[in-house]
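First comes the structure, then the notes that go with it.
The values are calculated or read from the model by the stated rules, or taken from the named source; none is laboratory data. Computed from a prediction, not measured in an experiment: that's the story for all the values here. Cβ coordinates were reconstructed from backbone atoms using ideal geometry, including for glycine residues, and neighbour counts include every protein chain displayed.
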Ligand SMILES: Nc1ncnc2c1ncn2[C@@H]1O[C@H](COP(=O)(O)OP(=O)(O)O)[C@@H](O)[C@H]1O
Ligand SMILES: [Mg+2]
């Protein structure tokens, strides 16, 4: 069986500066795969390339049997690849409900959409209480929930989350991580980018460590969690 | 004749036209942060498109019957030019330095103006536009011309239609999303290129309606009528808060009324008796713009956005 | 005959950036290499021979092309083009003693010169056939010229060319990949990609290695050649000759860029800036003496006034990145201020007659005040607002001076009639209205004003270069590149922008004071947004954009073009503004940096790469420059 997402020798550049220098990894259906690494390692660049916002200068991305490199972003979504971007990027002047509905922009089954909106409210009850409120008024953690809920609205085959815990209080971070665990148990395939390596590694099936545009180290989440070098560099232990 | 209600009505009519044109500036700006300087010329070509239709229709045709056809003709011309400009002049410059599309817009504006001047038969002079009839209706002390009724009706229909479209339709929602965050809008599956084209098209459509209204109101159209009208409409868009469609309409009305009142009443202010009259109307409109930028830079309905180069 | 195979990568000492993926690719037309070269040389020879033959029977076509054994009119241009092509071709083929003509050894220069020669020749032949009514009017010489120049062009199309490397961000790879999916588009795209010649980005030997006297002599020769070429163009007596001239000049300059000559030359001028500037001034001073004719002197004054204003605008647009669409109003403010204090009987202060220096200061001060009045409320906002407010201001200025006639408004400017009978200036006891004798040469009124304006231009150029090299200039550029980052670095964006805006406005005001006197009267009409003749705000902007934003010579060159081309191509009048709008669009699309690109930005970002010391002796280059001087 071939993997759901297959990335081979991907290279991405901003002008003359190459930010991703030939990385390869894959995500199998049902897995949670995480990319960890310091700031500027190229994780966001990788995700933005996968969803088509950036054009690669080399390499090959196959998703669900299709080569992605020449498909514009809005068509990539329709293939079942959802991306919750770094910094959340909710639509601040639209209501929570409108934000969720935009997540289902490509779907035409209004009954299913209504059902999924309700499911998002079940997953994040706080959103349900404020459904008619402008999204810009939410707190950071609530905005992150909205961004995740919105990404789920497209019924993705693969959900890409870029630093969902960024800038959140420990309690909120806990809440987001437990949501990811819950999604995993429901069988959602997730590609998770995190700086909080401890949390990410402990729930990932597979993990890759990125450093200045390359993948330095790969393994199962548990392997890396116990790796000497990883513990030193990313888990802040001496 | 020069009562205050009459001046307010005059301002309202003028302002409706500014508002219709301002929609085009504001929608495009709201989505791609581009001042489409050529929008005044899109308004002008709409008027010429409508006039062409009128000239092709049989002589002596009833103007009311011809009006829908003229509107369609003008709209086709304006929308095609607006969409073509986006596709071939502006889109290749996305991501270029901010100055580049502005200069392109100026080039486009000159080229369109001159294309009409050079190639439209007889357009080196003012062209007569058909009239709706000269007998005004009276509403109390206010005299209302037929063309003004058309203008206000058209503005109301356009605005209500646009508001409903943006608020309720799928494309309207996609438009709002694209305006707020284009990259994320793409992640929702929105084809933002298509949304940008639609914004240009709606701007072109409204500009064509305004162009026809202009012809009916003033009886003549000229190849360079887009310059002043465009400048005023842009002022209206900034007044109302650029990027906000309701702001564009409100800004148009405020500008129109301010202009009408300034023309009529400034001369009564002691020491300014020579600064009233039609000749100074543009000057006062401009002063109003400066004042608004000073006290409320985001415009009447605009939201505070970080100052940006 | 050849010692450097053309298909091998180049190894000269680098001056500037090298592109690892800059590649010499297939030629446009597939020919065996030997055949292409022979065709090129045969074409050159044939074309040269043809210019000594008669091209037409009658002397009805201007320039008299009927004579055998002596080229005339357009034939001279063809001859010059062919000789240049031949020399450059031999240089590119590696003939010793000529390689200096193509310092980067790129065959692109040969192709461009051949295209210029071909275009000039065919233009001449077609013009003869068309104006005289048919091919029957062509003598064998005309056919020989046409065929030989075609052979030349095809031969050079068979040479390999240097192409521009792909855009290193992914966009172009993406585009290329996308197109390769649909067949027919691919061929076109490949062709277009090839058509993107490398404009002198290839490394060239560093001319600083040549002896100093060679470098000085080069500057002198280029300055002299510049005056010669310019005066030749101005003196062209009929439209056909001017068009031919224009075609040849454009292609030749383009070829020099492609050959890397301009790059070496700009390095020389950068190394000897004071001397180069001096030679520029000497050439400009020589102009009214060489071209001793009041009409051309008048044109010269107008170009200088317009160019000076364009330089002022360049501070605002080119350096600081602020779009000012009503800039001509500041010229107008200066002109009106000067007119009011000139002692003209139509001024409301007809008794007041300021000396020139006081009038100039008045004009500058008035423009400065208006600049601050407009800038202060708007420069805090986004740049787009400035564009519209300045556009409005330009319009208001024109309306106001039209209305300030005592009838529609207070009496200040006499409305549309303007302020006329402005007396001539008197500087150091010299009345500029009177002719002055210099040896055997008499300088008329316009020549006097030309020289005065030249002094002012030099001052403005000094202000511009001083300012742009100073702290404030670096702040302007920082603001232009990224206002947020600049502000974060501690630059007070508002203050810096206001200084740029005010300085630009006062320079325009200064030029305005002279222009009021040159034209005898000031009227509202020229000060509009767009019109058929300079100055107007659109043309000013175009001078800056066409010439090259942020440079000194760009706007002046742009100003000269915008005056000379309409003057010489009168038949374009009706289409001029249209062509002009289209040109603006195309320039922004394909060459947004203008004719003279600003190298400064490059230098700032690639300091390390840009000025690598020469690692290798110049060899050919030194000898070459020696030849240039000889
Ligand atoms: N828009 C951009 N333009 C230029 N360089 C960028 C841009 N975005 C990111 N980079 C650079 O690319 C590299 C990778 O960045 P990013 O993918 O955001 O890293 P991460 O998400 O791992 O923190 C960094 O060196 C960053 O400076
Ligand atoms: Mg990141």
### Task
State all residues of the range A:76-97 that are within 16 Å of ligand 1 (Cβ to nearest atom) and at positive phi; if no residue qualifies, say none.
A:87, A:88, A:89
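One line per residue, one yes/no per condition, for (1) under 22 Å from the mean Cα position of the chain (by Cα); (2) outside any helix (DSSP H, G or I); (3) at pLDDT below 85:
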{"residue": "C:496", "(1), (2), (3)": "no, no, no"}
{"residue": "C:502", "(1), (2), (3)": "no, no, no"}
{"residue": "C:541", "(1), (2), (3)": "yes, no, no"}
{"residue": "C:554", "(1), (2), (3)": "yes, no, no"}
{"residue": "C:560", "(1), (2), (3)": "yes, no, no"}
{"residue": "C:565", "(1), (2), (3)": "yes, no, yes"}
### Query
For the subset of the range A:174-189 comprising residues that are in contact (Cβ under 8 Å) with a residue 60 or more places away in the chain and either within 16 Å of ligand 1 (Cβ to nearest atom) or not in a helix (DSSP H, G or I) (or both), which member is farthest from the other protein chains (Cβ to nearest Cβ)?
A:187
### Task
Kindly establish whether residue B:235 is away from chain A (no Cβ under 14 Å) and either within 30 Å of residue A:73 (Cα to Cα) or part of a helix (DSSP H, G or I) (or both).
yes
### Query
Under 6 Å by Cβ, and 6 or more places apart or on different chains, what pairs join a residue from the range C:131-158 that is under 23 Å from residue C:34 (Cα atoms) and in the same structural domain as residue C:46 (by TED's automatic domain parsing) with one that is modelled with pLDDT under 85 and surrounded by fewer than 23 Cβ atoms within 10 Å (Cβ to Cβ)?
C:157/C:28; C:157/C:29; C:158/C:27; C:158/C:29; C:158/C:31
### Message
Can you report the number of residues in the range B:189-220 which are surrounded by 24 or more Cβ atoms within 10 Å (Cβ to Cβ) and in contact with a strand residue (DSSP E or B) (Cβ under 9 Å, 6 or more places away or on another chain)?
### Response
3
### Task
Restricting attention to the range B:238-247, report how many residues are part of a helix (DSSP H, G or I) and over 21 Å from residue B:108 (Cβ atoms).
5
### Query
Among the listed residues A:159, A:146, A:192, A:217, which satisfies the condition of being more than 16 Å from ligand 2 (Cβ to nearest atom), modelled with pLDDT of 95 or more and outside any helix (DSSP H, G or I)?
A:159
### Query
In the range A:17-36, is there at least one residue being within 14 Å of chain C (Cβ to nearest Cβ), over 19 Å from residue A:146 (Cα atoms) and free of Cβ contacts under 8 Å to residues at least 40 places away in the same chain?
yes
### Query
Quick one: would you say residue A:100 is part of a helix (DSSP H, G or I) and more than 16 Å from residue A:160 (Cβ to Cβ)?
yes
### Task
Report yes if some residue within the range A:23-38 is within 12 Å of ligand 1 (Cβ to nearest atom), loosely packed, with under 15 Cβ neighbours inside 10 Å and not in a strand (DSSP E or B); otherwise report no.
yes
### The listed residue being surrounded by 14 or more Cβ atoms within 10 Å (Cβ to Cβ), in contact with a strand residue (DSSP E or B) (Cβ under 6 Å, 6 or more places away or on another chain) and more than 12 Å from every other protein chain (Cβ to nearest Cβ), out of C:473, C:418
C:418
### Query
Considering A:73, A:85, which residue is away from ligand 2 (no atom under 16 Å from the Cβ) and in contact with a helix residue (DSSP H, G or I) (Cβ under 7 Å, 6 or more places away or on another chain)?
A:73
### Query
Restricting attention to the range A:44-68, and to residues there that are more than 13 Å from every other protein chain (Cβ to nearest Cβ) and either free of Cβ contacts under 8 Å to residues at least 24 places away in the same chain or assigned to a helix (DSSP H, G or I) (or both), which single residue is farthest from ligand 2 (Cβ to nearest atom)?
A:66
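Rundown of residues vs (1) surrounded by fewer than 22 Cβ atoms within 10 Å (Cβ to Cβ); (2) away from ligand 2 (no atom under 16 Å from the Cβ), yes/no style:
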{"position": "A:139", "(1), (2)": "yes, yes"}
{"position": "A:154", "(1), (2)": "no, yes"}
{"position": "A:168", "(1), (2)": "yes, no"}
{"position": "A:173", "(1), (2)": "yes, yes"}
{"position": "A:187", "(1), (2)": "yes, yes"}
### Query
Do we have any residue at all in the range B:161-184 that's more than 14 Å from chain A (Cβ to nearest Cβ) and closer than 25 Å to residue B:3 by Cα?
no
### Task
Could you pull out every one of the helices (runs of 4 or more DSSP H) wholly within the range C:570-614 that has 1 or more residues that are more than 7 Å from chain B (Cβ to nearest Cβ), modelled with pLDDT under 70 and closer than 28 Å to residue C:320 by Cβ?
C:599-605, C:607-610
### Task
Select, from C:284, C:310, the only residue that is in contact with a helix residue (DSSP H, G or I) (Cβ under 7 Å, 6 or more places away or on another chain), farther than 25 Å from residue C:218 by Cα and not assigned by TED's automatic domain parsing to the domain that holds residue C:116.
C:310
### Query
Which residue, of B:262, B:267, is assigned to a helix (DSSP H, G or I) and surrounded by 18 or more Cβ atoms within 10 Å (Cβ to Cβ)?
B:262
